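Novice: The structure that follows is given in the form of structure tokens.
The values are calculated or read from the model by the stated rules, or taken from the named source; none is laboratory data. Note that the coordinates shown come from a computational prediction; the quantities given were computed from them, not determined experimentally. Here the Cβ is made from the backbone with ideal geometry for all residues, glycine too, and neighbour counts use every protein chain on show.
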Amino acid sequence: MLGLIKKDLLMIKSNIKTLFIILVVYGVMAYQGQMDLSFILPFMSVMIMISTFSYDAYNKWDAYASCLPNGRQNSVRAKYIATLLLIIITTAIVTILMIAIAYARTKSIDLESVFSTVLGTAFATIILQSFMYPSIYKFGVEKARIGIFIVVFGIAIVGGIIAKYIDFKPMFQVLDNLGNYWMIILPVVMILVLYLSYKISEGIYKKKEY
């Protein structure tokens, strides 16, 4: 298992420089008040990890993994763990940088605001991963990217149409009443969604023939 996780992380080693450049550029923009830094690095981490699926396909890794004891199950598990590790690391880096930038700009730090933003970012990133990975295992990288784009675009259009005819104020009031419970609810939802995504991916990958 550790070897499979290491394999995925080593495949993105050449992209670390890209992440660093992105961090510097967006860090400067965030300091100038032109950009929200919270989302970009974790989001790019998932995008970079998705590229490992292409490397696996090119090197015919799937056929090799299917011959190993529990190879398919461990391969899926390693992919999820490696991605989660990268998200955690980049989120931690972004959190530290956001705190430093906030203090440098205002000489004060609103930790509750920072952690709320980071939690929301982690939630959005995990949701993205949870939708993308089963789609990739089912249809391949290219088709999955196109499919996700179509779905997101379709949801945006449908959401815009629905928003014109439905009053969401009661829903927002309920959400507002939950208050600080979101700090507990979001991590629980993230874990459940990620676990469900993993089980779906595992089921798809076990049934595929190579």
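Novice: Residues D36, D8: which one is at pLDDT below 75 and acidic (D, E)?
Specialist: D36
Novice: Being surrounded by fewer than 17 Cβ atoms within 10 Å (Cβ to Cβ), touching a Phe, Trp or Tyr at 6+ places or on another chain (Cβ under 7 Å), free of Cβ contacts under 8 Å to residues at least 40 places away in the same chain and in a loop (DSSP other than H, G, I, E, B), is that true of even one residue in the range 28-41?
Specialist: Within the range 28-41, one or more residues are surrounded by fewer than 17 Cβ atoms within 10 Å (Cβ to Cβ), touching a Phe, Trp or Tyr at 6+ places or on another chain (Cβ under 7 Å), free of Cβ contacts under 8 Å to residues at least 40 places away in the same chain and in a loop (DSSP other than H, G, I, E, B).
Novice: Here's another thing I want to ask about it. Which of the following residues is of a type in the set (S, T, N, Q) and surrounded by 14 or more Cβ atoms within 10 Å (Cβ to Cβ): S45, S14?
Specialist: Only one candidate qualifies: S45.
Novice: Would you please list the contacts, defined by Cβ atoms under 7 Å and residues six or more apart or on different chains, that run from a residue in the range 114-141 that is closer than 17 Å to V188 by Cα to a residue that is at pLDDT 85 or above and surrounded by fewer than 17 Cβ atoms within 10 Å (Cβ to Cβ)?
Specialist: So the pair list comes out as I126/V193; I127/V193; S130/V193.
Novice: Then there is this: Tell me, which residue of the range 39-77 that is of a type in the set (S, T, N, Q) and modelled with pLDDT under 80 is nearest to A100 (Cα to Cα)?
Specialist: N59
Novice: Select from the range 61-110 the residues that are assigned to a loop (DSSP other than H, G, I, E, B) and free of Cβ contacts under 8 Å to residues at least 60 places away in the same chain and list them in ascending order.
Specialist: C67, L68, P69, N70, K107, S108, I109, D110
Novice: Could you say which residue among L68, L4, L19 is in contact with a Lys or Arg (Cβ under 9 Å, 6 or more places away or on another chain), hydrophobic (A, V, I, L, M, F, W, C) and over 17 Å from M132 (Cβ atoms)?
Specialist: The match here is L4.
Novice: Another question about this same structure. Check the range 123-133 and report whether any residue there is more than 12 Å from the chain's Cα centre (by Cα) and not aromatic (F, W, Y).
Specialist: No, the range 123-133 has no match at all.
Novice: Taking D56, is it within 29 Å of Y205 (Cα to Cα), among the acidic types (D, E) and within 21 Å of the chain's Cα centre (by Cα)?
Specialist: Here the answer is yes, as D56 does meet what is asked.
Novice: Kindly list the number of the only condition in (1) farther than 18 Å from K206 by Cβ; (2) surrounded by 13 or more Cβ atoms within 10 Å (Cβ to Cβ) that fails for S66.
Specialist: (1)
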